[in-house]
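The values are calculated or read from the model by the stated rules, or taken from the named source; none is laboratory data. Worth saying up front: this structure is predicted, and the values here are computed from it rather than measured. Don't worry about glycine lacking a Cβ; one is built from the backbone with ideal geometry, like all the others, and counts go over all protein chains shown.
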Amino acid sequence: MESIYDIIEQITPPDEAARAQAKAQWDSLAKPLGSLGLLEDMVTRLAALKGSADVRMGDRRLLVFCADNGVVARGVTQCGSGVTAKVAAALAEKRSSVSPMAAYANCRVIPVDAGILNFPGHPGVLNRRIRNGTEDISLGPAMGRDECLAAMLNGARLAADNARDGAQLLLIGEMGIGNTTTAASVVSALLGLDAAVTAGRGAGLSDAGLRRKRAVIQQALDRNKPDPCDPVDVLAKVGGLDLAAMCGAYLGAAAANTPALIDGFISAAAALCALRLCPAAAKALFASHASAEPAGGLLLDALGLKAPIRADMRLGEGGGAVLLLPMLDMALTLYRSGQSFERLGIETYTPQN
């Protein structure tokens, strides 16, 4: 049977010739060299990933992985787990926070049930359930290793299926009450950081709630002792089903040579797991914004990425990734415009020492 490791073996290096062609196309345009900054870098990276300087992003799809976390029982959130199911249904009905943003950006939203607590299903929500939520990580592992691998494989297959169906860009988002706690636990384990560094207020905790959240994370790390050299172990012990599925989605996207746009803190934590499992997957990982969570910048540094948007966002649902789409569209419009130095009768800019 196919495993996540089979998918990892399919990930190939980027096409450096296509990257060079895209860079030359940028440099031919009548503007200061590199003047669109990170947006130029993104387009050249997209070319290298796709193996062509003809970069197209017309078919874009947001995969929102939804799951619940047993650690909510420890009072680490402002609301209960039932909100996850309600938002998943709202995503399917185009009534969630990200829905009008996605409509403006011409982005299809695909909500995925990766393990929503007591969820009976809903039209438009893909069923990729592995189990009925996770266990309380402060008392033991979130899930079994085999369950974690199954969730990862589901995410990878979903990314690959969408790529085969014509998706040119995948946005990776999430929805799950309590998942800033699990994400902070994963980041603490992988980067060797204290919970005081990685855990923030999430959806709006009080000072007392934040202290409790950090204490619970430390309890989870002390009890489970996740192996920082084994991302699957980390995800299974202190992560969540949404994080595992997103990790798999990044790996599936990389194997399909399809770009995966990271949303915020939780999405980036899953991306770090994917990168630790397969450094070659870096070619498919693109940052959208720097999260307002305290470890958001540290995560981007660990991923080796810079985010074009710095707006102190913490919306979730893939909202930050969607916000980048109009900027990327405008950059691609200029990239394909043909407004070259020669065409405008301007002397070509050359790099200066």
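Just one of the numbered conditions (1) surrounded by fewer than 24 Cβ atoms within 10 Å (Cβ to Cβ); (2) on the phi > 0 side of the Ramachandran plot is not true of Gly202: (1). Considering the conditions (1) free of Cβ contacts under 8 Å to residues at least 40 places away in the same chain; (2) of a type in the set (Gly, Ala, Ser); (3) buried (at least 17 other Cβ atoms within 10 Å of the Cβ), Ala189 is excluded by exactly one of them, (1).
So which of Ala203, Ala189, Ala156 is among the small types (Gly, Ala, Ser) and over 18 Å from Leu272 (Cβ atoms)?
Result: Ala203 is the single residue among Ala203, Ala189, Ala156 that is among the small types (Gly, Ala, Ser) and over 18 Å from Leu272 (Cβ atoms).
When segment 137-185 is filtered for residues that are within 25 Å of Leu323 (Cα to Cα) and among the acidic types (Asp, Glu), the ones remaining, listed by number, are Asp161, Asp165, Glu174.
When restricted to residues that are modelled with pLDDT of 95 or more, surrounded by fewer than 24 Cβ atoms within 10 Å (Cβ to Cβ) and in a loop (DSSP other than H, G, I, E, B), segment 260-299 contains 1.
Candidates Ala208, Ala220, Ala184: the one that is among the aliphatic types (A, V, I, L, M) and in contact with a Gly (Cβ under 8 Å, 6 or more places away or on another chain) is Ala184.
Within segment 53-84, the residues that satisfy the criterion of being within 20 Å of Ala321 (Cα to Cα) and part of a loop (DSSP other than H, G, I, E, B) are Val55, Arg56, Met57, Gly58, Asp59. Looking for something in contact (Cβ under 8 Å) with a residue 12 or more places away in the chain, assigned to a helix (DSSP H, G or I), more than 18 Å from Leu305 (Cα to Cα) and of a type outside the set (A, V, I, L, M) - is there at least one such residue anywhere in segment 243-253? Yes, the conditions are met somewhere in segment 243-253.
Only residues that are over 19 Å from Met246 (Cβ atoms) and part of a helix (DSSP H, G or I) were counted across segment 86-142, and they come to 8. The residue list Thr134, Thr84 contains one member that is among the polar types (S, T, N, Q), more than 20 Å from the chain's Cα centre (by Cα) and crowded, with 24+ Cβ neighbours inside 10 Å, which is Thr134. How many residues does segment 137-182 contain that are surrounded by 24 or more Cβ atoms within 10 Å (Cβ to Cβ) and among the charged types (D, E, K, R)? Adding up the residues that qualify gives 1.
What's the total number of residues in segment 28-52 that are in a helix (DSSP H, G or I) and either modelled with pLDDT of 95 or more or within 22 Å of the chain's Cα centre (by Cα) (or both)? So the answer is 13. Scanning segment 146-184 for residues that are farther than 16 Å from Gly316 by Cβ, under 17 Å from the mean Cα position of the chain (by Cα), part of a helix (DSSP H, G or I) and of a type in the set (Gly, Ala, Ser) yields a total of 6. Name the residue that is nearest to Val87 (Cα to Cα), counting only residues in segment 131-183 that are in contact (Cβ under 8 Å) with a residue 40 or more places away in the chain and among the charged types (D, E, K, R). My answer is Glu174. Of all residues in segment 195-212, those being more than 16 Å from Ser291 (Cβ to Cβ) and touching a residue at least 12 places away in the same chain (Cβ under 8 Å) number 4.
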